[in-house]
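The block underneath contains the structure these notes are about, expressed in structure tokens.
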Amino acid sequence: MSKFTIQDIFLKYGDEYIQNHHLSKEQWKVFNAIRNCGKKNLGYHICTCEECGEEYFGFNSCRNRHCPMCQNYAREKWIRKESSYLLDSKYFHIVTTVPYELNEIFLLNQNICYNILFKATSESILELGEDPKWLGAKVGITSILHTWGQTMEFHPHIHSIVTGGGLKNNHWISYDKDYLFKVQVLGSLFRGKFLYYLKHEFENLNTNFQSLKEFNKFLEPLYNKTWITYIEPPKGKPENVIEYVGRYSFRVAISNERIKNIDKGNVTFEYKDYKDNSKIKKITITANEFIRRFLLHVLPDHFTKIKHYGLLSNRNKKKNIKLCRLLISRILSNEFTSTISRKFHEFTCEKCGSTQFKWSFQYNIYRSC
């Protein structure tokens with residue numbers, strides 16, 4: 001267990017922060033959830049072993065998706081479900097991001113801009129995947145939204161896991177190269193699509209621009225700027241992909257393990273400096289600044305941060321996976337599925353070792369989700 005936690009920071013310095021800062025409805029929800037997580041304010045639960053009758057008592061967790069203490073269960077549950085859709089194929093990791101000049105527009109229009117980011121990313125990957133110059137087939141994509149960099153500054157980007165093969169005319173087309181397509185080609189296509197969709201949403205955007213002409217003038221230099229994109233094949237066997245995606249999917253802006261000290265109104269935490277050979281370094285900022293940065297990454301209510309496209313789109317997912325497995329002629333071994341199942345059942349009775357429990361809950365206030 002970590003010595004210092006985000007909850008400690010919110011409890012110690014949160015009252016001072018909220019006196020001097022305005023919080024959105026979503027930020028208030030996360031702020032209160034993290035402060036009360038695992039405390040008596042959220043009520044308690046009792047689980048009773050069905051084998052020996054041993055009882056275990058605990059305070060309820062907040063179950064909020066922004067709380068670092070509540071992500072393990074959600075991650076394992078998601079891994080268990082998604083493991084059934086894994087193909088015996090190479091998978092590529094693709095990152096698409098936008099330049100910092102757009103940060104203010106993103107923060108003022110999160111729903112619109114995040115949806116455009118998903119749309120431009122998925123369309124670019126699918127379009128290049130079906131291009132005969134590259135794969136020439138429809139790929140499957142799982143995309144995950146992240147909004148932070150290593151020091152918790154605002155940095156919206158998408159992590160996409162893409163199948164290294166696809167369907168064309170009911171045939172499986174595999175891809176044996178170490179790159180899916182050229183990163184420069186992806187970056188250029190993604191840039192064009194994103195700016196096109198952003199301009200067409202001008203009437204719905206909250207900005208300081210008085211006209212579309214003025215907005216276009218602001219966007220014009222971004223057409224000549226290189227947008228950062230990244231492509232790599234994830235290392236390891238196909239079964240590692242689910243663990244890999246799960247790790248990315250259920251991250252929050254910072255984990256408790258990275259927080260190294262809380263003292264005299266300051267917070268010190270570790271970060272990875274990618275500009276210096278990924279060296280682990282430490283940074284110290286005020287607690288107020290830490291809370292501000294953390295709350296920057298609270299997503300709009302009910303916004304879906306994991307989306308599937310192509311072969312993995314929800315509408316035809318099961319049918320496509322079944323067909324792909326038949327065409328590939330190889331199906332994942334039962335050993336992998338059972339490994340996921342064993343990881344999912346971590347809580348056992350200390351007295352008899354059973355994993356079968358009856359649960360009863362008492363809630364004192366609403367539980368944030």
**OP:** Answer with yes or no whether His93 is buried (at least 18 other Cβ atoms within 10 Å of the Cβ), touching a residue at least 12 places away in the same chain (Cβ under 8 Å) and closer than 21 Å to Leu296 by Cα.
**Re:** no
Subject >> Whichever residue in region 101-159 is over 19 Å from Val245 (Cβ atoms) and hydroxyl-bearing (Ser, Thr, Tyr) and, among such residues, is surrounded by the most Cβ atoms within 10 Å (Cβ to Cβ) >> reply: Ser124
Subject >> Count - residues of region 48-62 that are buried (at least 17 other Cβ atoms within 10 Å of the Cβ) and at pLDDT 80 or above >> reply: 2
Original post:
Somewhere in region 196-209, is a residue buried (at least 20 other Cβ atoms within 10 Å of the Cβ), in contact with a strand residue (DSSP E or B) (Cβ under 7 Å, 6 or more places away or on another chain), assigned by TED's automatic domain parsing to the domain that holds Trp134 and touching a residue at least 40 places away in the same chain (Cβ under 8 Å)?
Top reply: no
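Within region 169-195, how many residues are exposed (fewer than 15 other Cβ atoms within 10 Å of the Cβ) and touching a Gly at 6+ places or on another chain (Cβ under 7 Å)? Please lay out each step first, then the result.
To start, the set of residues in region 169-195 that are exposed (fewer than 15 other Cβ atoms within 10 Å of the Cβ) comprises 169-171, 174, 176-179, 182, 184, 192.
Now narrow it down to the ones that are touching a Gly at 6+ places or on another chain (Cβ under 7 Å): 174.
Residues that pass the stated criteria total 1.
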Original post:
Can you pull out the helices (runs of 4 or more DSSP H) entirely within region 1-86 that have at least 3 residues that are outside the structural domain of Ser143 (by TED's automatic domain parsing) and over 26 Å from the mean Cα position of the chain (by Cα)?
Top reply: 6-20
Original post:
Does at least one position in region 97-115 carry a residue that is of a type in the set (Val, Ile, Thr) and within 25 Å of Asn316 (Cα to Cα)?
Top reply: no
**OP:** Identify the single condition in (1) surrounded by 10 or more Cβ atoms within 10 Å (Cβ to Cβ); (2) small (Gly, Ala, Ser); (3) modelled with pLDDT of 65 or more that Ser329 does not satisfy, given that it satisfies every other one.
**Re:** (1)
Original post:
In region 210-227, what residues are farther than 26 Å from Leu128 by Cβ and either surrounded by 10 or more Cβ atoms within 10 Å (Cβ to Cβ) or not hydroxyl-bearing (Ser, Thr, Tyr) (or both)?
Top reply: Gln210, Leu212, Lys213, Glu214, Phe215, Asn216, Lys217, Phe218
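The values are calculated or read from the model by the stated rules, or taken from the named source; none is laboratory data. Note that this is a predicted model, so its numbers are computed, not measured. Every residue, glycine among them, receives a Cβ derived from its backbone with ideal geometry; neighbour counts consider all protein chains shown.
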